[in-house]
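The values are calculated or read from the model by the stated rules, or taken from the named source; none is laboratory data. Predicted model, so just to flag it, every value in this text is computed and none were measured. Here the Cβ positions follow ideal geometry from the backbone for every residue, glycine too, while neighbour counts run over all protein chains shown.
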Amino acid sequence: MRPFSLRMDRELWVTVRGENYVSVIDPVRMKEVRRIELANGPGMTMFGPDGSTRLFAPAFVPEIAIIDAASHQIVKRLPQATPFFSQYRRHSGKR
């Protein structure tokens with residue numbers, strides 16, 4: 001698990017590598033309150049410019065999922081030429 005997004009007063013979003021979801025944690029109770037299902041291996045994460053969206057690039061699926069931070073719903077899927085992991089390996093020199 002890898003934490004990546006803390007909405008200071010409300011929730012912590014954690015990518016769960018090797019699984020098909022992001023776990024949303026209540027930081028006060030330290031309990032999972034929701035799972036957002038994505039393609040397998042959520043990896044690279046980004047924030048939209050105003051913080052209202054989260055962008056996820058799964059490690060092994062060629063798409064970016066855009067999630068509305070308030071509703072926790074996927075609002076759009078953007079196809080990519082190759083999965084994130086393939087791009088990482090090509091640019092890092094790792095094989």
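Which of the residues spanning segment 23-44 are more than 14 Å from Ser71 (Cα to Cα) and among the aliphatic types (A, V, I, L, M)?
Ile25, Val28, Met30, Leu38, Ala39, Met44
Would you confirm whether or not segment 10-28 contains a residue that is at pLDDT 85 or above, over 19 Å from Arg77 (Cβ atoms) and exposed (fewer than 13 other Cβ atoms within 10 Å of the Cβ)?
Yes: segment 10-28 contains one or more residues that are at pLDDT 85 or above, over 19 Å from Arg77 (Cβ atoms) and exposed (fewer than 13 other Cβ atoms within 10 Å of the Cβ).
Looking at segment 41-56 only, could you name the residues that are in contact with a strand residue (DSSP E or B) (Cβ under 6 Å, 6 or more places away or on another chain) and more than 14 Å from Val14 (Cα to Cα)?
Thr53
Name the pairs: first residue in segment 14-43 and at positive phi, second residue surrounded by 13 or more Cβ atoms within 10 Å (Cβ to Cβ) and part of a strand (DSSP E or B), Cβ to Cβ under 9 Å, at least 6 apart or on different chains?
Partner pairs satisfying both residue conditions: Met30/Leu12; Gly41/Thr15; Gly41/Pro58.
Of all residues being without any contact (Cβ under 8 Å) to a residue 24 or more places away in the chain and either farther than 17 Å from Arg35 by Cβ or among the hydroxyl-bearing types (Ser, Thr, Tyr) (or both) in segment 63-74, which is surrounded by the fewest Cβ atoms within 10 Å (Cβ to Cβ)? Just the residue, please.
That would be Ser71.
Working only within segment 29-51, note down all residues that are assigned to a loop (DSSP other than H, G, I, E, B) and either closer than 19 Å to Val61 by Cα or in contact with a Gly (Cβ under 8 Å, 6 or more places away or on another chain) (or both). Can you show your working first?
Of the residues in segment 29-51, the ones assigned to a loop (DSSP other than H, G, I, E, B) are 29-30, 38-41, 48-51.
Residues satisfying the conditions are Leu38, Ala39, Asn40, Gly41.
Pick out the one residue from Ala65, Ala59, Ala70 that is small (Gly, Ala, Ser), modelled with pLDDT of 85 or more and within 11 Å of the chain's Cα centre (by Cα).
Of the residues listed, the single one that is small (Gly, Ala, Ser), modelled with pLDDT of 85 or more and within 11 Å of the chain's Cα centre (by Cα) is Ala65.
I'd like the full set of residues that are touching a helix residue (DSSP H, G or I) at 6+ places or on another chain (Cβ under 8 Å), of a type in the set (Gly, Ala, Ser) and part of a strand (DSSP E or B), limited to segment 52-83.
Residue satisfying the conditions is Ala57 alone.
Consider segment 32-63. How many of its residues are over 16 Å from Tyr21 (Cβ atoms) and of a type in the set (Val, Ile, Thr)?
Total meeting the criteria: 1.
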